């Protein structure tokens, strides 16, 4: 050891101890020295220095011979040196004269003044590639300078004392800095923000500028070596900033300088005790020691060599050759290769898996044994980089690590991991735990450096955030700029990663980051009568995982599986425990839905999720069920539809809504894969309403939208994943199912409301509309079934019709299509329907009168007549019925004024009387109407035989019926020969006049009861496509729904498909009772004329106009003019 | 162009052509909720924020001026498509590429009123100007070939503005040629043979464009 004493040469003369610095040039051929007490920077030839040292001479000798060049440009002492790595090497120096200068290297020609400070520079550092220079000193900011154009790219402020040590992370993610108080700050280079700060972990040197606190990253970037408070060196983890291990040994005073060997296996430290120690980092032992006369204040390990340059406070420098004994591993072996890629982050857990594949490592590894896990770790990593597509074990591990690491990332990231993992067949069992989905906020996107991302996006608006120098800017925007309040943007010092919003306010939360940054929940109402009504909650030892906001409440689910519910004023209302780790939460009005993990993934890789819906104001749980996902998929969106249906969207692109059907089940209503137009499209669901899904289309590789440009919502129709049927009417079938679903939803709602005793009239109307729409759809399906010769299916469909009018319509349809078998079937369906109605009506009556004894007796005799009718065939029997009716009805008026019980008795009398002579069902139906007050049926029936005048009376009757005056009703009704079947099965010739009469009937009714017929017009209001026009026309005609205006619309559409003669018929029908506005009439006429200008039609219209007494009127003139034009047109042809 | 110098022969002024072009349908993304608008030309809407809907250009511009919507750039107005079109225009000296009939007017209106909605507006603008120049050059060179023997000129995919500019000139030229050449043409027909010449009977046909 003595023989290997390092000889020092005087480079800089200094009277008192000052800080001197030393650095190696790239390649290790030159050594640069500088002193705070000297203006000169000296560049020495390393070989010459070594040779001179070898030649002997005292340590106080001059090294002038070895000096290659001297730079004297600074006006004051030089305090910092840095040599840029890379080919175009340059030298940077910082001085007490406040400036930083660049020189070419090694010739030392001045290049530029880089930057000026207001106070002395203390430290300089280049990053690994030499693209960035960090400079700092007594000023309060660290300046990051882009070397390419000498611009200051960032100023990092945060240190309280002067910064004396800087070190770039070799992976270029962090910059570490240390100040004279011993505080270390990790700066995130991407954002320029403080990643973490470690306060006073290194010795404090105060204002003594001859000692600089330093720090140094290990060459693989895994550790940061910092002088410790106990004369030791402490290693801190790059990601967590936690202390990993310490090097404690022979230093009797604090360490003041340190440097890593190129491979990170060794560390050289200099202490205030004038000792320099070499450490074997693996064994955490010092292996070499030298004592010097003066304090060594700067050290530099030779790049790619086994030598250390050092300089003491008096300006004497030397090179310590072969510092690591040759018996040990060379300090240059296994230099980590960090240039290739960005290094994925690893936790310490991967230590247990030493790699079996070959790497860069030589056999020195074996000689050192397996004592130190650190060694393996680094080794494994380096092999991983060499073999990025290495064995599956490694990859699995990485996936595992990654997913564990990024628990705070959104689901999409994890989805990718899970997908990859699933593809890897060998891994299914092992990755189970890794696939548990992390918590996410519906409608959020992943943060991207330098870009805005969504914290929340829903149908109402969006919340976006962007990271910006240590804090974030959060903006809340409403889609509807006309209505939503304008929300000022907010500066966010918490780093919110979760948010939710509704009409009244927004809630934010951040995860906890270390001890300092506790998880915080913050609520901002959009408008409030009170001044400062935003509030925040802090959670100690607990982390918010998901937030939701509803009407008057805010909910947060935390890492302790607590559900915390606050009022919007900030009162802590409830704290509940949730059954498992939360996945997500959503609020809608009073309802809060929480999705949580019920257990580990199944061995197939499927997640087991539970969903709970709570009613906050009532403190009740309205639903607790399993959340259904497509196998091996993850939940990617969750929320309520516009009308409050619980819905979920998974990573396989299936959207489900929860329905009360079958005791509560999830119904798939949309498949992204079926709906997308091309392979690379994906849907990012935002919301849905009863019929449509609102989503943002994303083109791969992006799976989520960017904030700019503003995403545009796409509307997609909900569609069931139907099997392709032989009917070839998939869209109709889909519509049928959809309407059925909607109807059941509405009916549920009505039941709920009725149970609460609320007024349901508004919803009743809606339900009626739904029924009408469903019937219309079924009728179309029936027609396509008939065309496809699926008669059984058509019959089944007919049974599903709700409105009796629709059944009759269906009969019309099959009559037109010449399917007598179906006609018969349908009529029997109608009969059954009426029968059952009768039964219900009767039992109702009887239960009212509490005379239940009759009910069994009544039910039985009714069946045979119905059957008889079916057998005999209506077409023969029915025309005779109107004649029968008066006879039977003569009896009824006399009895009608009596009590209900008497009526019932009467009925019993009638039934046996009539059945032997095959009384048709209509009779019973009529009677039942009398009893039950079912007005609708009567209306239909009456239309056939009676005149218009009669009907208007009938209309009044219905009003009366509505008022529940049973006596009145039956009295008048008895005068009407009512039989709904009278003409239904009639032959084709009859049908047109029948339609007319039905139609007239309807219109008359409409006059009386406008509201009712409005509902019926729903059938018409649906858009009529060309190919469906005839069908619709038939249906509509058959049903005779609608008012005059609707009729005109129908006419117009018929006209456009050149059914002119039919139109003329209808027009005539309308003309007679003077229906519709003149304009409508004229419009249709004009339309017809333009389509088909046959004389016949023209004349017919003129005739009609005459009948409408338009003589001399303006309309008539116009009509004539039109006719004239038509004739002219024809003439010109 | 020569035709423009004579105001009587120009049937539409450019602003009139622009007016006609305002009926073209474009897609907008409203940022307000609004009931359906019942216009003479049809019903538009209802409008929902952030959901695209189709309206005529004049309505889009009117809404845009009030800050109620953003106009979505039509497909053909993207840099990619325009570059393709420009290349194709340059490659085929005889043909015109299919572009919207009112492409000049639409792009002008969009540049005037919805510049911020067009990505790479500057590039798009210069591309459209280039295309216009190339096409017009083609038209001019095409017109040079008109001679006394020309009975018809067939120009496919010519846009409204282009047609409008060359129409007066074309018509007048053909008329002039017809006037001067018709005796000669009849003579020629005799020379060729006994074939009846319906061409001369009908005179020059003017099927400039099917529209």
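Only the coordinates and a few stated rules stand behind these numbers; no lab work does. Being a predicted model, the structure only gives us computed values, none of them experimental. Here the Cβ is made from the backbone with ideal geometry for all residues, glycine too, and neighbour counts use every protein chain on show.
Below, the figures for the structure above:
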quantity	calculated
Inter-centroid distance (Cα atoms) of the range A:238-274 relative to the range A:647-709, Å	55 Å
Residue order, fewest to most beta carbons within 10 Å, for A:317, B:177	B:177, A:317
10 Å Cβ neighbours from other chains, averaged over peptide B:48-56	5
Inter-label distance for residue A:836 and residue A:630, nm, one decimal - labels placed 7 Å from Cα along Cα-to-Cβ	3.8 nm
Shape box of the range B:1-157 [Cα atoms, principal axes, largest first, Å]	61, 36, 22
Fewest-first sequence of A:703, A:579 by Cβ atoms within 10 Å of each Cβ	A:579, A:703
For the range A:550-612, Kirkwood radius (reciprocal of mean inverse C-alpha pair distance, Å)	12.4 Å
Neighbour-count order for B:136, A:662, A:181, fewest beta carbons within 10 angstrom listed first	A:662, B:136, A:181
Residue A:730 versus residue A:113: modelled label distance in nm, points set 7 Å from Cα along the beta carbon direction	7.5 nm
Contour excess over end-to-end distance, with Cα ends at residue B:62 and residue B:171 and 0.36 nm allotted per residue	35.6 nm
